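Below is one structure, written out as structure tokens, with a few remarks after it.
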Amino acid sequence: MPTGEIAIRLSNAATRVSRAAHNAIKTLKYSDRARQILIIVSVILVLVAAGTALLVYQLKTVNRGQEADEISLPLTPPGMAAQTFTLAPDEVRALEPDAARTFNAGIPFSTLPILAARPFIMTPKKIDEYSRALDCLTAAIYYEAASETTEGQAAVAQVVLNRMRHPAYPNTVCGVVFQGSERVTGCQFSFTCDGAMARVPSIEGWARAKAVAGAALNGSVAANVGMATHYHTDWVAPYWAERLVKMKQIGTHIFYRWTGSWGLPFAFSRVHTGSEPIIAKMAALSTPLDVLAPPIDLLPLIEAPEPILIVEAPPTPAPEPEPQPAAPAPAPVVVAQRASPPPAAMANPLATPTDARPPRRSRIAVPSGW
């Protein structure tokens with residue numbers, strides 16, 4: 001039965017009961033107490049009928065805005081176009097850096113409490129997807145906030161993850177970072193279309209940014225920027241800054257969130273798709289930076305000329321063994337002695353030969369000159 005027909009029937013029933021109670025008061029001679037009870041019951045029935053009609057009206061309003069039994073937020077806030085929230089040249093006021101800082105200082109910070117985002121954990125079950133997300137987030141941190149503190153870099157990472165959960169942006173890390181990068185202007189993160197990626201990152205800076213990105217993908221939350229989805233450096237003054245909620249400044253970056261319900265925690269309800277897109281611009285940065293040449297300060301340890309000098313020194317004594325041919329000289333002496341005729345029969349064959357030790361010493365003769 002339609003909700004409108006139910007409301008009409010309930011309203012008619014309440015009216016009939018109210019009239020019956022009123023007639024009963026007129027025709028019957030009840031005591032004052034019974035009359036008061038009937039009046040109270042009539043008032044209650046009238047209030048029930050009115051509440052029912054109001055509830056039906058609210059249900060009709062919700063049903064008109066409902067699609068496929070799911071209530072979703074619009075892709076952009078009322079009266080705001082998505083393209084007006086980029087750092088395109090025509091969306092930044094033509095001010096010098098000092099004048100821009102003065103202009104930004106004139107926009108007051110919100111006094112509303114900053115609500116922290118929920119932790120995001122992307123477990124590396126699919127190592128290729130996790131690796132792409134890590135590289136994209138590292139690139140955003142490095143090229144956007146290489147000179148910022150760890151707190152400032154974590155805040156930039158939080159903006160990327162906040163956008164990933166918001167219905168106005170892609171629900172992947174790389175999709176958020178490189179949104180609009182195919183255009184010369186209109187990219188969401190300026191480094192993706194202003195030529196900054198042509199600079200080769202430093203090993204130390206990239207490793208630092210990668211550590212911050214890894215922490216963000218494993219549950220670390222930058223609570224000091226809450227639901228921030230926008231930021232800019234303090235030396236530029238975007239036109240959209242006055243239309244958002246100014247939350248906090250960390251280093252040179254000023255952070256903002258959407259106004260109204262779009263900037264509240266329940267709006268950040270989207271989940272990661274589980275599949276990161278392949279970004280062509282990340283090809284040069286996706287190689288493992290751990291396998292690189294050693295740092296410059298370790299190179300002197302590799303060059304050691306001293307062992308080369310030590311190896312070349314020993315050949316100097318080599319010519320000394322040349323006099324060794326003189327060693328066979330005693331041999332003729334020994335042979336001559338053995339070849340000499342034996343002594344006469346008077347010789348005692350058991351006697352110890354007196355010439356045994358000299359030939360023995362000649363066999364261990366050292367080189368001449370020792």
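The values are calculated or read from the model by the stated rules, or taken from the named source; none is laboratory data. Everything quoted here is computed from the prediction, not taken from an experiment. Please note: Cβ atoms are built from the backbone with ideal geometry, for glycine as well, and neighbour counts cover all protein chains shown.
One residue is enough: does region 167-184 have a residue meeting the conditions among the β-branched types (Val, Ile, Thr) and without any contact (Cβ under 8 Å) to a residue 12 or more places away in the chain? Looking through region 167-184, at least one residue is among the β-branched types (Val, Ile, Thr) and without any contact (Cβ under 8 Å) to a residue 12 or more places away in the chain.
The selection criterion, being more than 25 Å from Gln249 (Cα to Cα), touching a residue at least 24 places away in the same chain (Cβ under 8 Å) and assigned to a helix (DSSP H, G or I), does not hold for Gly205. If you go through region 233-245 and keep only what is among the hydroxyl-bearing types (Ser, Thr, Tyr) and outside any strand (DSSP E or B), you end up with just Tyr239.
Based on what the data block shows, is Thr233 without any contact (Cβ under 8 Å) to a residue 24 or more places away in the chain and surrounded by 14 or more Cβ atoms within 10 Å (Cβ to Cβ)? It is true that Thr233 is without any contact (Cβ under 8 Å) to a residue 24 or more places away in the chain and surrounded by 14 or more Cβ atoms within 10 Å (Cβ to Cβ).
Applying the condition of being more than 10 Å from the chain's Cα centre (by Cα) and polar (S, T, N, Q) to region 188-226 and asking which residue is farthest from Met247 (Cα to Cα) yields Ser202. With respect to being closer than 19 Å to Arg270 by Cα, assigned by TED's automatic domain parsing to the domain that holds Ala100, of a type in the set (Gly, Ala, Ser) and assigned to a loop (DSSP other than H, G, I, E, B), Ala228 fits the description.
Restricting region 246-280 to residues that are part of a helix (DSSP H, G or I) and either in contact with a strand residue (DSSP E or B) (Cβ under 6 Å, 6 or more places away or on another chain) or free of Cβ contacts under 8 Å to residues at least 12 places away in the same chain (or both), the residue that is farthest from Ile107 (Cα to Cα) is Ala280.
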